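The values are calculated or read from the model by the stated rules, or taken from the named source; none is laboratory data. All values reported here derive from a predicted model rather than from experimental measurement. As a convention, Cβ positions derive from the backbone with ideal geometry for all residues, glycine included, and neighbour counts pool all protein chains shown. Heavy atoms of the whole protein, side chains included, go into the accessibility calculation; ligands, DNA and RNA do not. Shrake-Rupley method; radii C 1.70, N 1.55, O 1.52, S 1.80 Å.
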Amino acid sequence: MSADFLVYGSYGFTGSLAVEQALSRGLSPMLAGRRAEPVERQATEFDCPHRVFSLEHPTVIADQLDDVDVLLNCAGPFSSTAEPLVSACLATGTDYIDVTGEYEVIDRIADLDRDAEQAGVTLLPGVGFDVVPSDCLAASIAGELPEATTLELAIDGGTTISQGTAKALVEGLGSPGAIRQDGRIEHVPVASKRRQIDFGDGPKPTMTIPWGDLVTAYHSTGIGDIEVYTAVPGPAITVMRRTRPLGPVLRAQPVQRLLKRLVEATVTGPSAEQRAENVCHVWGRVSNEDGDSVTGRLRTPDPYETTRLTTVEAVSRLLDDSVSSGFQTPATAFGAGFATEFDEIERIDRD
Ligand SMILES: NC(=O)c1ccc[n+]([C@@H]2O[C@H](COP(=O)([O-])OP(=O)(O)OC[C@H]3O[C@@H](n4cnc5c(N)ncnc54)[C@H](OP(=O)(O)O)[C@@H]3O)[C@@H](O)[C@H]2O)c1
């Protein structure tokens, strides 16, 4: 059976949400992952076709994607999964979407823009909570101040975290922070800048983080100076700064393996109730050299609920063949208004 749309990592937390959302919209996903037992269990539960393949052998992946129109990659951390799947998509003419927020992964995919155009393939990473709302907000406020030279974005993602996200955070431990300066990504110390940002409910402490927007917002807005902040309790920022000297230890493979096992043993959910209660905010500001600025804020559902909505809508638009080939961001693919086309995502002010 050929597949319009294959979800790789379908039995992971985020993959499962995307599969349920796709089915609720009448789409017919092919389920896939590297372990037979969970894929088969999920395929039986939802009466879906399925494939089992690992990402170890390029020819095997290409054989499995040869008849697939759109691949949604939900298997993270994406530092291990994006490259083999993107390569196979370029070889088979399959459009590629993922939910990564890892800026280095997105940067490597952006470098394949010309290859993707030649192959007639769309490469669209970051169609989850990170980065759909922030990317669309950035493009939107940049459109309101066309001569803007700096962009600041900030995310208040609330309280929920899944195993996969926790593992991606573990992979980032001990690595430097990053900002974009004069169009180039520059490495800076972890939490190099801290400031108070008002997401709509009064000022909250935030610190710089090396998120996907450092790449996507650059492509969506053309602005060369970009900083991304996240809301974190003030004491946590101090702890992050104090652990800077531990970088090499935290990056060591045995420590990484241990921390990931700890994540597997302790992180569950977030449950449907926790997701329903969680509300998130995204803040953005563009400024020009005259000191003019435009600020915008979005309110969104929980990150995993947002991701469920945005990924499946992105898949559906790619299946309609309405997106140009090459590297795309959510805003370049679907327009700055994409995020607020969802009833659940709201622009809450325009000061
Ligand atoms: N951008 C966003 O807003 C957003 C939102 C949600 C999630 N995410 C990201 O999505 C990723 C998944 O999160 P999750 O909570 O769904 O994690 P999860 O429940 O742990 O699921 C991860 C899935 O990926 C598979 N996988 C991992 N490494 C693999 C590899 N090397 N080869 C093949 N399959 C592999 C796992 O298979 P096994 O079980 O067989 O290992 C599992 O199916 C994370 O990186 C997370 O940060 C991003």
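Is the shape of the chain best called rounded, prolate or oblate, per the rule: a/c under 1.5 gives rounded, else a/b larger than b/c gives prolate, else oblate, with a ≥ b ≥ c the square roots of the Cα gyration tensor eigenvalues? It comes out prolate by the Cα gyration axes.
Quick check: net charge around Arg34, other residues with Cβ under 12 Å of its Cβ, Lys/Arg +1 and Asp/Glu -1? The answer is 0.
Loop-located GluC sites (Glu not before Pro) across the range 266-312 with a Cβ neighbour count of 14 or fewer within 10 Å are Glu289, with loop assigned by DSSP. Put a dot 7 Å past the Cα of Gln196, heading toward its Cβ, do the same for Ala272, and the two dots end up 4.1 nm apart. Put simply, the amide H of Val121, placed in the peptide plane, has neighbours under 5 Å in Gly326, leaving out anything fewer than 5 places away on its chain. The angle between the Cα long axis of helix 36-46 and the main principal axis of the chain comes to about 90°, on a 0 to 90 degree scale.
Among the GluC sites (Glu not before Pro) within the range 133-199, those in coil by DSSP and having at most 12 neighbouring Cβ atoms inside 10 Å are Glu147.
The amide H of Thr149, built 1.01 Å from its N in the peptide plane, has Ser287, Asn288, Glu289 as neighbours under 5 Å, considering only residues 5 or more places off or on other chains. By DSSP, the beta bridges lying fully in the chain are antiparallel in about 55 percent of cases. Projecting the Cα atoms of Thr295, Ala265, Thr329 onto the charge dipole of the range 247-351 (Cβ charges, centred on the Cα centre) puts Ala265 farthest toward the positive pole. 3J(HN,Hα) along the range 284-289: x, 9, 10, 9, 10, 6 Hz, from the Karplus curve 6.51 cos²θ - 1.76 cosθ + 1.60 with θ = phi - 60°, whole Hz, x for Gly and Pro. On C-alpha positions alone, give me the angle between the axis of helix 303-319 and the longest principal axis of the chain, in degrees, nearest 10. Between the helix axis and the principal axis of the chain, the angle is about 60 degrees.
When the chain is described by a simple charge dipole with +1 on each Lys and Arg Cβ and -1 on each Asp and Glu Cβ, the residue from Val286, Thr44, Gly247 located farthest towards its positive end is Gly247. Its Cα centre serving as origin, the chain has a Cβ charge dipole (Lys and Arg +1, Asp and Glu -1) of approximately 1620 debye. Per-atom-type breakdown for the chain gives carbon and sulfur 48% of the accessible area (1.4 Å probe, protein chains only). Take the range 43-83 with all the other protein chains still there, run a 1.4 Å probe, and you get 51 Å² of accessible area per residue. In order along the range 185-196, the Karplus-derived 3J(HN,Hα) couplings, from 6.51 cos²θ - 1.76 cosθ + 1.60 at θ = phi - 60°, round to 6, 10, 7, 9, x, 3, 6, 5, 10, 10, 6, 8 Hz, and Gly and Pro are given as x. Can you pull out the GluC sites (Glu not before Pro) in the range 8-117 whose DSSP state is coil and whose Cβ has at most 14 other Cβ atoms within 10 Å? Passing sites in the range 8-117 are Glu56.
Distance between the 7 Å Cα→Cβ label points at Asp320 and Asp115: 3.0 nm.
Among His187, His281, His50, the sequence by solvent-accessible area, most first, with a 1.4 Å probe is His187, His50, His281. The HN-Hα couplings worked out from phi for the range 90-103 by the Karplus form 6.51 cos²θ - 1.76 cosθ + 1.60 (θ = phi - 60°) are 5, 6, 9, x, 9, 5, 10, 10, 9, 10, 6, x, 7, 5 Hz, whole numbers, x standing for Gly and Pro. Taking the alpha-carbon centroid of each part, what is the distance from the range 144-201 to the range 61-137 in angstrom? Measuring centre to centre over Cα atoms gives 21 Å. In terms of the Cα gyration tensor, with a ≥ b ≥ c the square roots of its eigenvalues, is the range 71-160 rounded because a/c is under 1.5, prolate because a/b exceeds b/c, or oblate? Oblate shape, in that a/c is at least 1.5 and b/c is the bigger or equal ratio.
Charge tally for Thr160 (other residues, Cβ to Cβ under 12 Å; Lys, Arg +1; Asp, Glu -1): -3. Each of Leu145, Ala168, Ile185 was placed along the dipole of the range 136-282 (beta-carbon charges, centred on the mean Cα), and the one lying farthest toward the positive end is Ala168. Dipole magnitude for the range 46-174: about 320 debye, using +1 per Lys or Arg Cβ and -1 per Asp or Glu Cβ, origin at the Cα centre. Distant-in-sequence amide contacts of Arg51, defined by a placed amide H-H separation under 5 Å and a gap of 5 or more residues or a different chain, comprise Leu31, Ala32, Gly33. Taking a sphere under 9 Å around the Cβ of Ala75 and counting the other residues whose Cβ falls inside, with K and R at +1 and D and E at -1, yields a net charge of 0. Summed over the residues of the range 151-195 and divided among them, the accessible surface reaches 46 Å² per residue at a probe radius of 1.4 Å. So for the range 1-93, averaging the separation of alpha carbon pairs under 8 Å that are six or more residues apart and normalising by length, what relative contact order in percent results? Once divided by the residue count of the range 1-93, the mean separation gives 32 percent.
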